[in-house]
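*Asks:* Pasting in a structure now, in structure tokens, and then I'll have a few things to ask.
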Amino acid sequence: MKMVVVTGASTGIGWGCVKVLVASGFRVFGSVRKQADAERLTKEFGATFTPLIFDVTDETAVATGAKQVEAALAGETLAGLVNNAGVAVPGPLLSLKIEDFERQIAVNLAGALIVTQAFAPLLGADRSRKGAPGRIVMISSVGGKNAMPFLGAYCASKFGLEGMSESLRRELMIFGIDVIIVAPGTVATPIWEKADAVDVTPFANTPYAPALNRLKRAMVSMGKQGLPPERIGEAVKTALTVMKPKTRYTLTPSPMQDMMTTTLPKRMVDTMIARRLGLKA
């Protein structure tokens, strides 16, 4: 049975990936930060799911998780690593606390590298292992190509993840390990349900307050129309299993979201976003 590691498995995209991969015959190791989530997912997914308890920014805990997977592999290679764990820190960049910006980068970007370094030997960087090299799937975002206002820290982390992934893909060719990006648009996950509860009062005295409230309302509405997490899980399965995967899979719930990312001129997109949020007349 092929084995895959998915980080950030408790809800949303990570949960959708675990659901699809377990149903497709993989044994999945899913990282969570809380014991309660580990127990809940084990009951939900059964014997072919094994929880790993770590925060992706904790190198020692991640290394312990990698040892747990290594023991289960018994000398074979790990088929896949899905770097999904992440957070979204909102706020205008001019007013954002630097420690909040640093936390965003630590989780979404440095965390992905910490996990990759820990599990790379199991994927085949350790050439003594038996079996074909595994693959790494990086969960990016349309925000890794098209940056929204007030999500600058998040988008910086995803733009960085895209660049890091490209470098990794080229560096890991020596081991036969591929790196594939999966970049969703809006997905119907709890992060959108929580958008209305995001506290924007620290920015109430900035010129951005009205636009921030408009963005909150738009995020809640977009979340209701987002893709199901299992749709992202299917794309991840494709990236892990097809003979010649693409380097990047983009999935959006609407053609306009895709066009804003890939087709329309940047100045046009600037104007569209600014007018929708009231940043420009």
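Computed from the coordinates by the stated procedures, all read-outs in this text should not be read as laboratory data. On a predicted model such as this, the values are computed, not experimentally measured, just so you know. Backbone-built Cβ (ideal geometry, glycine too); neighbour counts: all protein chains shown.
*Asks:* State the volume of the convex hull built on the alpha-carbon positions of the chain, expressed per residue in Å³ and rounded to an integer. Could the numbers behind the result be given before it?
*Replies:* Values: hull volume 36.1 nm³, N = 281.
In the chain, the Cα convex hull volume per residue is 128 Å³.
*Asks:* Please grab the % of Cα pairs in the stretch 1-68 that end up more than 13 Å from each other. Can you show the working numbers first?
*Replies:* Values: 1308 of 2278 pairs.
Roughly 57 percent, rounded to a whole number.
*Asks:* Divide the volume of the convex hull of the Cα atoms of the stretch 135-186 by its number of residues and quote the answer in cubic angstrom per residue. Before the final figure, lay out each step's value.
*Replies:* Numbers: hull volume 2.8 nm³, N = 52.
So the per-residue hull volume is 54 Å³.
*Asks:* Here are some pairs, LYS2/LYS158; LYS19/LYS216; LYS2/LYS237; which of them have Cα atoms lying more than 18 Å apart in this structure? If you can, show how the numbers build up before the last one.
*Replies:* Values: LYS2/LYS158 29 Å; LYS19/LYS216 29 Å; LYS2/LYS237 12 Å.
Distance filter (> 18 Å) returns LYS2/LYS158; LYS19/LYS216.
*Asks:* Mind checking which aspartates and glutamates have their C-alpha under 12 Å from LYS130, skipping anything on the same chain fewer than 8 residues away?
*Replies:* GLU76
*Asks:* For the stretch 232-281 and the stretch 119-139, what is the separation of their Cα centres, given in Å?
*Replies:* 29 Å
*Asks:* Still on this structure, I have one more. If the chain between MET272 and THR64 were fully stretched, how many nm would it gain, using 0.36 nm times the residue separation less the Cα-Cα distance? Display every interim value, and only then the final one.
*Replies:* Values: separation 208, 0.36 × 208 = 74.88 nm, distance 4.72 nm.
Going from the current span to full extension adds 70.2 nm.
*Asks:* Continuing with the same structure: Counting Lys and Arg as +1 and Asp and Glu as -1, each charge on the Cβ, what is the dipole of the stretch 3-277 about the Cα centre in debye, to the nearest 20? Before the final figure, lay out each step's value.
*Replies:* On the way: 31 positive and 23 negative charges, 149 e Å.
So the dipole magnitude of the stretch 3-277 works out to roughly 720 debye.
*Asks:* How large is the translational diffusion coefficient of the stretch 130-281 in µm² per second when you combine the Kirkwood radius over alpha carbon pairs with Stokes-Einstein at 20 °C and 1.002 mPa s? Write out the running numbers ahead of the final one.
*Replies:* Details: Rh = 17.1 Å.
Roughly 125 µm²/s, to the nearest whole number.
*Asks:* I've got another one for you. May I ask for the Rg/Rh ratio of the stretch 216-264, computed from Cα atoms with Rh as the Kirkwood radius, given to two decimals? Before the final figure, lay out the partial values.
*Replies:* Numbers: Rg = 13.3 Å, Rh = 12.6 Å.
With Rg and the Kirkwood Rh in hand, the quotient comes to 1.06.
*Asks:* In addition: What is the ratio of the Cα radius of gyration of the stretch 39-186 to 2.2 N^0.38 Å, where N is its residue count, to two decimals? Could the numbers behind the result be given before it?
*Replies:* Numbers: Rg = 16.5 Å, N = 148, 2.2 N^0.38 = 14.7 Å.
Its radius of gyration relative to the 2.2 N^0.38 Å reference: 1.12.
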